[in-house]
Amino acid sequence: MTTESENRVENPILKAQLTGGILTIKPVGPNVGQREAPIIDNDVKPLFAKAGAGLKAVVLDLHDVTFMSSMGLGTCIAIRTAATEAGAKTAITGFRPELEQLFKMMRIHKMFDIQKNDAALDKWILKQVR
């Protein structure tokens, strides 16, 4: 079952919400693979469109993700690209060590602002909304 409102998507694969120019995207996990990646990509597009030029930041919350395939990595890059096109920055929070290692091995960790904890994320968000 998918719950959608103008600013929110919630289904068994994804929780995403647009609030005050901040788009938070949280895959439910534990996997972001061949099945999940296109669903996430498709479900967040309307939120990017809704935000338009008012988008200030995108937070990719990976707390619940333990495995990510190449398609999942591609979805992360696509999210970052959409954010950049809208003039917004992208942060990742909730990196598990194995995912952080994967991002570093693929050399894509530098594409994102990595936030190690909630306090760092809150500070990063405040900086983006100014």
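The values are calculated or read from the model by the stated rules, or taken from the named source; none is laboratory data. Everything numeric in this text was worked out from a predicted model, so none of it was measured. Methodologically, a virtual Cβ is constructed for each residue, glycine included, from the backbone with ideal geometry; neighbour enumeration extends over all protein chains shown.
What about Gly33, is it touching a Leu at 6+ places or on another chain (Cβ under 9 Å) and among the small types (Gly, Ala, Ser)?
Details: touching a Leu at 6+ places or on another chain (Cβ under 9 Å): no; among the small types (Gly, Ala, Ser): yes.
For Gly33, the condition - touching a Leu at 6+ places or on another chain (Cβ under 9 Å) and among the small types (Gly, Ala, Ser) - is not met.
Within the range 92-118, how many residues turn out to be in contact with a strand residue (DSSP E or B) (Cβ under 9 Å, 6 or more places away or on another chain) and surrounded by 11 or more Cβ atoms within 10 Å (Cβ to Cβ)?
Residues meeting the conditions: 16.
Return the residues of the range 49-90 that are closer than 20 Å to Glu36 by Cα, among the aliphatic types (A, V, I, L, M) and free of Cβ contacts under 8 Å to residues at least 40 places away in the same chain; say none if nothing qualifies.
The answer is Val58, Leu62, Val65, Met68, Met71, Leu73, Ile77, Ala78, Ala82.
Against the condition closer than 22 Å to Trp124 by Cα, hydrophobic (A, V, I, L, M, F, W, C) and modelled with pLDDT under 95, how does Phe95 come out, does it pass?
It is true that Phe95 is closer than 22 Å to Trp124 by Cα, hydrophobic (A, V, I, L, M, F, W, C) and modelled with pLDDT under 95.
Select the helices (runs of 4 or more DSSP H) contained entirely in the range 21-130, then report the ones holding at least 3 residues which are farther than 25 Å from Asn7 by Cβ and among the aliphatic types (A, V, I, L, M). Show your work before the answer.
Details: elements: 36-51, 70-85, 97-105, 118-129.
By residue number, 97-105.
Assess whether Thr19 counts as being buried (at least 16 other Cβ atoms within 10 Å of the Cβ) and hydroxyl-bearing (Ser, Thr, Tyr).
Here the answer is no, as Thr19 does not meet what is asked.
Filter the range 113-130 down to residues that are more than 20 Å from Gly29 (Cα to Cα) and within 15 Å of the chain's Cα centre (by Cα), then give me how many there are.
Qualifying residue count, the range 113-130: 4.
Checking the conditions here, which among Ile40, Ile77, Ile92, Ile13 is in contact with a Leu (Cβ under 6 Å, 6 or more places away or on another chain) and more than 26 Å from Arg130 (Cβ to Cβ)?
Ile40
Here are the criteria: (1) of a type in the set (Val, Ile, Thr); (2) modelled with pLDDT of 95 or more; (3) in contact with a strand residue (DSSP E or B) (Cβ under 9 Å, 6 or more places away or on another chain). Tell me which single one Val129 does not satisfy.
(2)
Report whether or not Gly33 is on the phi > 0 side of the Ramachandran plot, small (Gly, Ala, Ser) and surrounded by fewer than 20 Cβ atoms within 10 Å (Cβ to Cβ).
Numbers: on the phi > 0 side of the Ramachandran plot: no; small (Gly, Ala, Ser): yes; surrounded by fewer than 20 Cβ atoms within 10 Å (Cβ to Cβ): yes.
It is false that Gly33 is on the phi > 0 side of the Ramachandran plot, small (Gly, Ala, Ser) and surrounded by fewer than 20 Cβ atoms within 10 Å (Cβ to Cβ).
Out of (1) among the hydrophobic types (A, V, I, L, M, F, W, C); (2) within 22 Å of His109 (Cβ to Cβ); (3) in contact with a strand residue (DSSP E or B) (Cβ under 7 Å, 6 or more places away or on another chain); (4) not in a loop (DSSP other than H, G, I, E, B), what's the single condition that is false for Val9?
Failed condition: (2).
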